[in-house]
1. Looking only at segment 250-281, which residues are under 28 Å from residue 76 (Cα atoms) and modelled with pLDDT under 95?
2. Looking only at segment 238-249, decide whether some residue is over 17 Å from the mean Cα position of the chain (by Cα) and assigned to a strand (DSSP E or B).
3. Restricting to segment 49-58, give me the number of residues that are in contact with a helix residue (DSSP H, G or I) (Cβ under 9 Å, 6 or more places away or on another chain) and either free of Cβ contacts under 8 Å to residues at least 60 places away in the same chain or closer than 22 Å to residue 109 by Cβ (or both).
4. For residues that are free of Cβ contacts under 8 Å to residues at least 40 places away in the same chain and surrounded by 15 or more Cβ atoms within 10 Å (Cβ to Cβ), scanning just segment 188-233, find the one that is nearest to residue 300 (Cα to Cα).
5. Does segment 290-308 contain any residue that is under 30 Å from residue 176 (Cβ atoms) and not in a helix (DSSP H, G or I)?
6. Among the residues of segment 100-120, are any under 24 Å from residue 286 (Cα atoms), under 29 Å from the mean Cα position of the chain (by Cα) and either modelled with pLDDT of 95 or more or not assigned by TED's automatic domain parsing to the domain that holds residue 284 (or both)?
7. What number of residues in segment 80-107 are within 22 Å of residue 25 (Cβ to Cβ) and either out of contact with any strand residue (DSSP E or B) (no Cβ under 8 Å at 6 or more places or on another chain) or outside any strand (DSSP E or B) (or both)?
8. What about residue 77, is it at pLDDT 80 or above, assigned by TED's automatic domain parsing to the domain that holds residue 253 and touching a strand residue (DSSP E or B) at 6+ places or on another chain (Cβ under 8 Å)?
């Protein structure tokens, strides 16, 4: 049996909060469930119950009821929104016996005792949006917030979200990314996939007029377009990305709102559609880099193509789509086996530093033979210099 405990003095910033998703996540875990959110910059941790959550198991490892500054570095705030099993309610009686002082009998203190001392398994589910009106509030406060939400919906409809992902050029090491090697690649802005997301009443995936045609001028037009463009357009990429995104958030304990949207795309490199779609979804649902880190994001994109659509693909392209710019990648076998991704290095210096480094390496006055060799070979050297903040000239 499920017991929901929700404080009546708070408003969720997301009015489309999906409780059904919370209940499904609770039933998938062998313990209790606590909802938490990430504190905004102006919120103080000593005004909230703070949790430390294992990123892999999503178990709440520690709970601090309004901790003093310096006690924990966590910015994850728990609110009075819990799911408990029937048998766990018996712990309340034990807590009251052990805490006879009425000042210690707060719900936050109960969860601190339950998690830190009794070691009862409690799992956390993150809500990407925050909460208002936690604490002592009155009717006027609720009236103001309701008016605020109403005017926000009427006067400020959500703007379309447009994201691009770019093509990749392999400079060195290709195709060793499939054999635990090292590669250097860079993204270029000339070729891209662009996805636009707009909030809507129902979820709609719009076909591309060229890549996903359903109407033709003649049988000959159908023949020519099919021969040139093939039969598999971009709609399947949009759909597979949305499906995998919902699955990821459900498994990772991220509660999504029940907002719907319309997706459309344009592209001259079809496989970058997945990356661009993921960027739009993350912005729309307020999913941060902490929720879906860049190394995991690259694997996510690859899995959409290989697991969902059975497209043969390599990890290098997806890494560059996520990080962008000039990227060095080391797909070390031990790292790939242990954590699922290798090491990525993003240069953090400007071109002026590379030029200075080159001059210091070869000298200001090259000899005649070296100059002639460069002229005949037409060589171009690329220096990948590790970032060192102690070295002057690096940015």
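1. 250, 251, 252, 253, 254, 255, 256, 257, 258, 259, 260
2. no
3. Of the residues in that region, 2 qualify.
4. Among those residues, the one meeting the criterion is 233.
5. Step one: of segment 290-308, the residues under 30 Å from residue 176 (Cβ atoms) are 292-308.
Checking which are not in a helix (DSSP H, G or I) leaves us with 292-293.
Yes: segment 290-308 contains one or more residues that are under 30 Å from residue 176 (Cβ atoms) and not in a helix (DSSP H, G or I).
6. no
7. The initial filter retains those residues of segment 80-107 that are within 22 Å of residue 25 (Cβ to Cβ), namely 80-89, 91, 107.
Cutting the leftovers down to either out of contact with any strand residue (DSSP E or B) (no Cβ under 8 Å at 6 or more places or on another chain) or outside any strand (DSSP E or B) (or both) gives us 86-89, 91, 107.
Going through segment 80-107 one residue at a time, the tally reaches 6.
8. Working: at pLDDT 80 or above: yes; assigned by TED's automatic domain parsing to the domain that holds residue 253: no; touching a strand residue (DSSP E or B) at 6+ places or on another chain (Cβ under 8 Å): yes.
For residue 77, the condition - at pLDDT 80 or above, assigned by TED's automatic domain parsing to the domain that holds residue 253 and touching a strand residue (DSSP E or B) at 6+ places or on another chain (Cβ under 8 Å) - is not met.
The values are calculated or read from the model by the stated rules, or taken from the named source; none is laboratory data. Predicted model only: the values in this text are computed from it and were never measured. When we count neighbours, we look across all protein chains shown, and the Cβ atoms used for this are built from the backbone with ideal geometry, even at glycine.
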